[in-house]
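Student: Here you go, one structure.
Here, each number is a calculation from the coordinates, and none is a lab measurement. Keep in mind that what you see is a predicted model, and the values were worked out from it rather than measured. Using ideal geometry, Cβ is built from the backbone for each residue, glycine included, and neighbour counts are taken over all protein chains shown.
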Amino acid sequence: MNASLNPVTRHDWTLTEVTALLQQPFNDLLFQAQTLHRQHFNANRVQVSTLLSIKTGACPEDCKYCPQSGHYNTGLDKEKLMEVQKVLDEAQRAKEIGSTRFCMGAAWKHPSAKDLPYVLEMVKGVKAMGMETCMTLGKLDQEQTQALADAGLDYYNHNLDTSPEFYGSIITTRTYAERLQTLSYVRDAGMKICSGGILGMGESIADRAGLLIQLANLPEHPESVPINMLVKVEGTPLANVDDIDPFDFIRMLAVARIMMPQSHVRLSAGREQMNEQMQALAFLAGANSIFYGEKLLTTGNPQADKDMQLFARLGIKPEAREEYADEVHQAAIEQAIIEQRDASLFYDAATH
Ligand code: SF4
């Protein structure tokens with residue numbers, strides 16, 4: 001049996017091994033990934049989350065890909081922290097369109113003492129609606145992490161972005177070690193981790209392998225692994241970087257699936273740039289999570305009804321929480337999508 005098909009969860013991946021996985025013939029790689037995927041998941045189910053930006057723009061960090069960084073002039077409107085009730089109203093709508101997880105993102109270096117109580121109220125309120133909760137708020141200290149866990153937060157999103165070696169070319173205001181420390185606090189507080197990275201920033205194959213090695217060699221694999229494709233935004237330093245080969249993007253999804261066989265691999269930012277065939281290949285490679293919505297924090301995303309049409313054509317159904325019967329869930333989604341078509345309140349997949 002090929003070692004990469006061994007279902008034992010591993011935390012000792014090496015650069016040589018992962019580079020070889022990334023470079024093997026495309027069909028062999030996809031076959032391995034799909035075979036392993038079927039050992040752990042229903043291959044025709046995709047988990048659906050909604051993400052709302054609860055505070056947009058003017059971030060003090062200098063992530064070179066991010067239109068929300070205050071270091072770059074991208075013409076983005078800056079907003080204060082959204083009111084708790086408004087967030088809860090959005091969460092209710094997300095529930096109605098069939099999302100089982102509601103993710104809230106704030107463009108902060110870290111949450112302030114002034115803002116944290118409001119954030120905790122948001123977590124409690126969304127949780128009370130019966131949805132899973134996820135937040136991305138930047139760096140956390142131990143006390144803040146515990147407060148979020150006590151409020152009932154299920155997931156914390158904090159991406160590693162790229163390899164430790166390439167990281168300094170992308171961000172200078174926060175260290176890789178600080179990111180790992182936040183992830184460790186989150187794990188110690190008993191929450192689930194959502195952590196991934198971004199491709200197409202000019203990184204090498206070794207950097208792509210290095211990112212996956214960091215994630216897979218954590219003491220426990222992140223439950224969610226968002227793999228983002230850079231959305232180039234005018235005004236950011238990466239606005240003119242070369243595109244990633246779409247097949248190389250699919251390869252990364254497949255290798256993430258092989259290395260972290262029990263994690264949800266999320267097809268995340270950049271989905272709007274992908275045609276339906278590429279998205280179908282992504283699902284075949286083992287991606288089994290997407291975001292709903294019309295915006296991706298500040299960038300466009302395919303509309304929810306287009307997603308449902310694609311799901312229908314591929315025979316894919318949204319992964320439902322156990323309390324929903326499939327048909328009821330599906331009908332609720334379809335109805336809500338019709339109502340939702342012109343709304344523009346939802347934001348989508350995060351980088352942070
Ligand atoms: S990715 Fe997050 S931390 Fe970095 S600039 Fe954007 S909002 Fe700030």
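Student: From the phi of every residue in the range 268-275, what ³J(HN,Hα) in whole Hz does the Karplus formula 6.51 cos²θ - 1.76 cosθ + 1.60 yield, where θ is phi - 60° and glycine or proline is x?
Tutor: Result, rounded to whole Hz: 10, 3, x, 5, 5, 7, 9, 7.
Student: Tally Lys and Arg at +1 and Asp and Glu at -1 over the other residues with C-beta under 15 Å from the C-beta of GLU203: what net charge comes out?
Tutor: Taking every other residue near GLU203 into account, the sum is -3.
Student: By counting other Cβ atoms within 10 Å of each Cβ, how are ILE54, ILE97 ranked from fewest to most?
Tutor: Listing ILE54, ILE97 from fewest to most nearby Cβ atoms yields ILE97, ILE54.
Student: Given points 7 Å out from each Cα along the Cα-Cβ axis, report the ASN217 to ALA58 separation in nanometres with one decimal.
Tutor: Modelled inter-label distance: 4.1 nm.
Student: Which entries in the list LYS55/LYS306; LYS80/LYS192; LYS114/LYS232; LYS64/LYS317 go over 30 Å, if you measure between the two C-alpha atoms of each?
Tutor: Correct reply: LYS114/LYS232; LYS64/LYS317.
Student: Note the full-extension length gain between ASP188 and ARG45 as 0.36 nm times their separation in residues minus their Cα-Cα distance, in nm to one decimal.
Tutor: 48.5 nm
Student: Non-local amide H neighbours of VAL46 (under 5 Å, H modeled in plane, Pro and chain starts lacking H): which ones?
Tutor: When sequence neighbours closer than 5 places are left aside, the close amide H contacts are LYS317, GLU319.
Student: Same structure again: From the phi angles alone, apply the Karplus equation (6.51, -1.76, 1.60; θ = phi - 60°) to the range 126-141 and give each ³J(HN,Hα) in whole Hz, x where the residue is Gly or Pro.
Tutor: With coefficients 6.51, -1.76 and 1.60, one gets 5, 4, 5, 7, x, 9, 6, 10, 9, 9, 9, 10, x, 5, 10, 9 Hz.
Student: Report for the range 10-340 the percent antiparallel among DSSP-assigned beta bridges with both residues inside it, nearest 5.
Tutor: Antiparallel: roughly 5 percent of the beta bridges in the range 10-340.
Student: Which loop chymotrypsin sites (Phe, Trp or Tyr not before Pro) in the range 157-189, with loop taken from DSSP, have no more than 12 other Cβ atoms within 10 angstrom of their Cβ?
Tutor: Passing sites in the range 157-189 do not exist.
Student: I've got another one for you. For the range 10-340, what mean projected area does the convex hull of the alpha carbons give, in nm²?
Tutor: Average of the hull's projected areas for the range 10-340 equals 15.3 nm².
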